[in-house]
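Okay, structure first, notes after.
Just so it is clear, none of the values below were taken in a lab; they were calculated from the coordinates. A quick note: this is a predicted structure, and the numbers were derived from the prediction, not measured. No Cβ is skipped: glycine too gets one built from the backbone with ideal geometry, and neighbour counts run over all protein chains shown.
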Amino acid sequence: MKCLQCGGKMTVRHETRRAYAGLEGVIIEGVQVRHCPECGEEELSYSNVEQLHAQLALQLARKEAALTPREIRFLRTWLGLSSTDLAKRMGVAKETVSRWERLDKPLSMGATAERLLRLMAVHEQPVEEYPLEQLEHVATSKPAPLRVRLKPRKQGWTAEV
Ligand SMILES: [Zn+2]
């Protein structure tokens, strides 16, 4: 594999990376890192990205603490929705969605809207196990980032919370 920047020969290694997609508690194992010793260029590649994102979305939907602004944004974009789209589905103003996702002094989403967002995320994928009783316990405590370690396995990405 040659470097696209300078044509140098790239080395390949596998690393564990933190704060995937800006989600501070998310650790991903087995990330392929191609590095060019000549110019310092670095390329990351994740195997089976679609399933990685689906696994992450599921873990977010299941976590107990309220979602953080970055997590809300991750789920919204994973669902392929613009702020306007999400606002329409939730019956809120577009500005409200922006305020949920604002990093500085975000507006609390509230348990009802959170449950809806989480259900939308769960609905997008075949999930054997998302007990509805679990919903009683979600978003009942202050926002805290999901802490999860995702590992690439033959059968797909597995999560260790
Ligand atoms: Zn290079």
What size of dipole, in debye to the nearest 20, comes out for the range 1-114 about its Cα centre when the only charges are +1 on Lys and Arg C-beta atoms and -1 on Asp and Glu C-beta atoms? 240
First select every other residue whose beta carbon is under 11 angstrom from the beta carbon of Cys3; then total the charges, Lys and Arg +1, Asp and Glu -1. -1
Placing +1 on the Cβ of each Lys and Arg and -1 on the Cβ of each Asp and Glu in the chain, which of Val26, Gly7, Thr84 has its Cα farthest towards the positive end of the resulting dipole? Gly7
Lys94: net charge of surrounding residues, Cβ under 15 Å, Lys/Arg +1, Asp/Glu -1, itself excluded? +3
Under 8 Å for C-alpha pairs, at least 6 residues apart: give me the relative contact order for the chain, rounded to a whole percent. 27
Stokes-Einstein D (µm²/s) once Rh is taken as the Kirkwood radius of the chain over alpha-carbon pairs, at 20 °C in 1.002 mPa s: 125
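If you only keep lysine pairs separated by 8 or more in sequence, or across chains, how many in the chain come under 19 Å at the Cα atoms?
Working: Lys63/Lys142; Lys63/Lys151; Lys94/Lys105; Lys105/Lys142.
Count of close lysine pairs: 4.
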Nearest-0.05 FRET efficiency for Arg153 and Glu95 at R0 = 30 Å, using Cβ-Cβ distance, is 0.10
In nm, the gap between the two label points placed 7 Å beyond Cα toward Cβ at Asp104 and Ser45 is 4.0
Summed side-chain charge close to Glu15 - residues other than Glu15 whose Cβ falls under 15 Å, Lys, Arg +1, Asp, Glu -1: +3
Quick query: amide H of Glu41 versus all other amide H atoms, modeled in the peptide plane; which residues come in under 5 Å with a sequence gap of 5 or more or a different chain? Cys36
